[in-house]
Amino acid sequence: MPVEILMPELGESVHEGTVSRWLKNVGDFVKEDEPVVEIMTDKVNTELGAPASGVLVKIIVPEGGEVEVFHAMGLIETDKSAAAAQASETPAKKEEPPKEAAAAKVPEVKAPEPEVPAARTGERRWYSPLVRSMAKQHGVTESELGQIVGSGAGGRVNKKDIESYLQRRGSGSAVTVPMPELGKAPTMASGAESETMALTGMRKMIAEAMVRSSQVPVVSTLTEIDVTPLVKFRELNKDSFAQQYGVKLTYTPFFIKALTEALTEFPYLNSSLVDNQITVNHAVHMGVAVSLGEKGEGGLIVPVIRNCHAMSIVDIAKALESIAARARGNKLEVKDVQGATFTLTNPGSYGAILGTPMINAPQAGIAGAYGIVKRAVIVEDMIAVRSIMNLVLTYDHRLVDGLMAGRFLQSVKGKLEGMSFFK
């Protein structure tokens with residue numbers, strides 16, 4: 001009997017995912033637990049292992065297709081003889097070639113071909129055997145391929161995209177546009193008025209999560225913090241800290257530490273509201289927004305540093321560097337993005353000086369730490385140049401009122417300005 005490859009539950013409130021890439025073709029033999037398909041959700045991208053050893057005899061959900069949790073994406077035949085017979089009757093391809101290409105011989109391919117660089121963006125892109133065959137038959141160069149906007153998962157070029165391009169090229173109106181980075185609008189080529197693409201994969205799921213969060217009545221409150229002592233401390237100690245502990249000393253561990261201590265004082269900001277039931281958390285599990293991919297090309301994800309209330313600055317710095325490294329290498333696991341009780345985002349790391357972050361419902365709050373800038377301020381009736389940053393708290397107004405939010409921010413402000421966690 002065939003064994004179903006089921007879409008697993010990849011996180012809290014995750015009900016569906018997108019098949020971003022099949023790692024095996026129909027007719028391929030796979031071993032149990034060998035990666036067979038890549039899945040993308042708003043929380044994590046992950047490879048799924050085969051549930052049993054056998055032959056992949058059917059792909060139910062193609063690349064770019066959406067699948068609900070616990071639904072089948074493909075079938076593996078564990079009886080090798082039956083599987084071989086069935087596989088021989090099933091063409092080892094996902095799409096039929098166009099009629100005009102029917103006479104062309106498509107070479108059998110058992111593994112994905114190597115990625116090639118995109119013509120303008122410098123990114124590396126993968127093309128299916130079918131797309132490769134169609135491009136070769138119609139004389140589409142690597143440069144042209146690299147500039148076709150893909151409508152598949154993650155911007156992948158599929159059969160429809162290359163057919164549309166060939167049709168436009170044949171009529172003399174072909175317009176190529178470099179593949180945009182995730183979450184960015186496509187760059188307009190000369191003469192192009194617009195380019196439309198589907199909202200798919202991670203961006204689609206992030207959009208759905210943000211729509212859910214937008215239903216929560218929230219308020220944002222801002223405070224200014226004089227972090228001059230923190231800036232001086234880091235400047236004096238960053239080299240020795242790296243030598244002694246093996247990790248960089250950034251500002252973020254200090255933000256996490258100050259927020260954590262304040263959350264233990266104001267636990268309603270460390271709570272959640274679901275179905276009129278309030279869960280107040282006494283342990284602080286801090287979600288921290290970090291970039292995916294080596295250069296952040298995969299967007300942002302929010303892995304969790306657990307039990308921050310029991311950690312020192314050094315412990316937090318090590319945990320932060322670990323999750324950031326795994327995010328850059330796309331090695332985060334499902335457990336790494338589950339269970340946050342509060343979230344910190346740090347737009348200041350890329351130059352933003354003010355904003356209003358959106359909460360990740362059902363969490364009660366999120367803090368945004370913005371860029372540290374030198375400003376002339378009044379200190380004891382005298383003008384002084386100080387390092388100032390904005391800290392913004394967005395909170396669920398059903399759980400937290402303005403008075404509590406203000407006191408929470410004052411607590412964080414006092415800890416950072418006084419460097420009290422070293423006393």
Would you kindly identify the strands (runs of 3 or more DSSP E) lying entirely within segment 359-422 that contain at least 3 residues that are surrounded by 21 or more Cβ atoms within 10 Å (Cβ to Cβ)?
365-369, 382-396
Tell me which residues, restricted to segment 227-276, are surrounded by fewer than 14 Cβ atoms within 10 Å (Cβ to Cβ), among the aliphatic types (A, V, I, L, M) and either touching a Leu at 6+ places or on another chain (Cβ under 7 Å) or without any contact (Cβ under 8 Å) to a residue 40 or more places away in the chain (or both).
L236, A242
Right, N360: polar (S, T, N, Q) and either within 19 Å of the chain's Cα centre (by Cα) or over 24 Å from T264 (Cα atoms) (or both) or not?
yes
Boolean, V377 is touching a Lys or Arg at 6+ places or on another chain (Cβ under 6 Å), in the same structural domain as S291 (by TED's automatic domain parsing), among the β-branched types (V, I, T) and without any contact (Cβ under 8 Å) to a residue 24 or more places away in the chain
no
When you check V334 against the structure, is it aliphatic (A, V, I, L, M) and out of contact with any Lys or Arg (no Cβ under 8 Å at 6 or more places or on another chain), yes or no?
no
Suppose the filter is on the phi < 0 side of the Ramachandran plot, assigned to a strand (DSSP E or B) and in the same structural domain as M404 (by TED's automatic domain parsing); does L273 pass it?
yes
Does segment 86-106 contain at least one residue that is over 23 Å from K160 (Cβ atoms), charged (D, E, K, R) and either surrounded by 15 or more Cβ atoms within 10 Å (Cβ to Cβ) or at pLDDT below 50 (or both)?
yes
Of everything in segment 217-274, what is polar (S, T, N, Q), farther than 16 Å from S420 by Cβ and touching a strand residue (DSSP E or B) at 6+ places or on another chain (Cβ under 6 Å)? Give them in sequence order.
S220, T221, T223, N270, S271, S272
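The values are calculated or read from the model by the stated rules, or taken from the named source; none is laboratory data. Computed from a predicted structure; not experimentally measured. In this analysis, Cβ positions are derived from the backbone assuming ideal geometry, glycine residues included, and neighbour counts consider all displayed protein chains.
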